[in-house]
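Peer 1: Dropping the structure in here first, questions after.
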Amino acid sequence: LRLLSREPERAARARTVAARLHARLTAAGLTAARPDASVVSVRAPSPEQAVRWAADCRAAGLVVGCFRPPSVPDGISRVRLTARADLTDQQVEEAADVIVGTAPAA
């Protein structure tokens, strides 16, 4: 909290990164929830594909969260990304490329 008090632009930058990721992913045809803050949630076709997608992202050097039943309701398995204020624009583009490039077929 002290850091955010001293550097309030960090929160704004994290939201900007999240919005940028969302725009890139949805432009590529993926279904992603519009972020309210710094988490971007991207729908996976099935729990098994969500697990594989997260593993493929990790193999490509990008760590994402993987949520599937029972931690989420049936039918809404997702990978989730956390946008950070310290990511450069190039890193955001590279992360989006990995997510799109490893996305399972719907």
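The values are calculated or read from the model by the stated rules, or taken from the named source; none is laboratory data. Please read these numbers as outputs of a predicted model, since none were measured by experiment. Using ideal geometry, Cβ is built from the backbone for each residue, glycine included, and neighbour counts are taken over all protein chains shown. Protein only, heavy atoms only, side chains kept; ligands, DNA and RNA dropped before computing areas. Shrake-Rupley method; radii C 1.70, N 1.55, O 1.52, S 1.80 Å.
Peer 1: Which of the residues spanning region 35-62 are in contact with a strand residue (DSSP E or B) (Cβ under 9 Å, 6 or more places away or on another chain) and part of a loop (DSSP other than H, G, I, E, B)?
Peer 2: 35, 38, 44, 62
Peer 1: Mind listing whichever residues of region 17-36 are over 18 Å from residue 72 (Cβ atoms) and free of Cβ contacts under 8 Å to residues at least 60 places away in the same chain?
Peer 2: From region 17-36, those over 18 Å from residue 72 (Cβ atoms) are 17-29; that's our starting set.
Passing the criteria: 19, 22, 23, 26, 27, 29.
Peer 1: Given the options 100, 39, 63, 79, name the one that is touching a residue at least 60 places away in the same chain (Cβ under 8 Å) and either open to solvent by 60 Å² or more (accessible area, probe 1.4 Å) or of a type in the set (Val, Ile, Thr) (or both). Steps first, please.
Peer 2: On the way: 39 fails: touching a residue at least 60 places away in the same chain (Cβ under 8 Å); 63 fails: touching a residue at least 60 places away in the same chain (Cβ under 8 Å); 79 fails: touching a residue at least 60 places away in the same chain (Cβ under 8 Å).
Going through 100, 39, 63, 79 in turn, just one is touching a residue at least 60 places away in the same chain (Cβ under 8 Å) and either open to solvent by 60 Å² or more (accessible area, probe 1.4 Å) or of a type in the set (Val, Ile, Thr) (or both): 100.
Peer 1: Do you know which of the residues in region 1-30 that are assigned to a loop (DSSP other than H, G, I, E, B) and at pLDDT 95 or above is least open to solvent (accessible area, probe 1.4 Å)?
Peer 2: Going through region 1-30, the residues assigned to a loop (DSSP other than H, G, I, E, B) turn out to be 1, 7-8, 28-30.
Subset that is at pLDDT 95 or above: 28-30.
Working: 28: 54, 29: 61, 30: 34 Å².
Step by step, filter region 1-30, then rank; the result is 30.
Peer 1: Another one. For residue 87, all conditions in the list (1) free of Cβ contacts under 8 Å to residues at least 24 places away in the same chain; (2) closer than 25 Å to residue 16 by Cβ hold save one; what is the number of the exception?
Peer 2: Tallying (1) free of Cβ contacts under 8 Å to residues at least 24 places away in the same chain; (2) closer than 25 Å to residue 16 by Cβ, residue 87 fails exactly one: (1).
Peer 1: Identify the single condition in (1) touching a strand residue (DSSP E or B) at 6+ places or on another chain (Cβ under 9 Å); (2) at pLDDT 95 or above that residue 72 does not satisfy, given that it satisfies every other one.
Peer 2: If we test residue 72 against (1) touching a strand residue (DSSP E or B) at 6+ places or on another chain (Cβ under 9 Å); (2) at pLDDT 95 or above, just (2) comes out false.
Peer 1: Moving on to the next point. Which of the residues that make up region 76-106 are more than 22 Å from residue 9 (Cα to Cα) and of a type in the set (Asp, Glu)?
Peer 2: 94, 97
Peer 1: Now for a different question. Being open to solvent by 70 Å² or more (accessible area, probe 1.4 Å), farther than 19 Å from residue 22 by Cα and of a type in the set (Asp, Glu): is that true of residue 74 here?
Peer 2: Working: open to solvent by 70 Å² or more (accessible area, probe 1.4 Å): yes; farther than 19 Å from residue 22 by Cα: yes; of a type in the set (Asp, Glu): yes.
Yes; evaluated as a whole, the condition is true for this residue.
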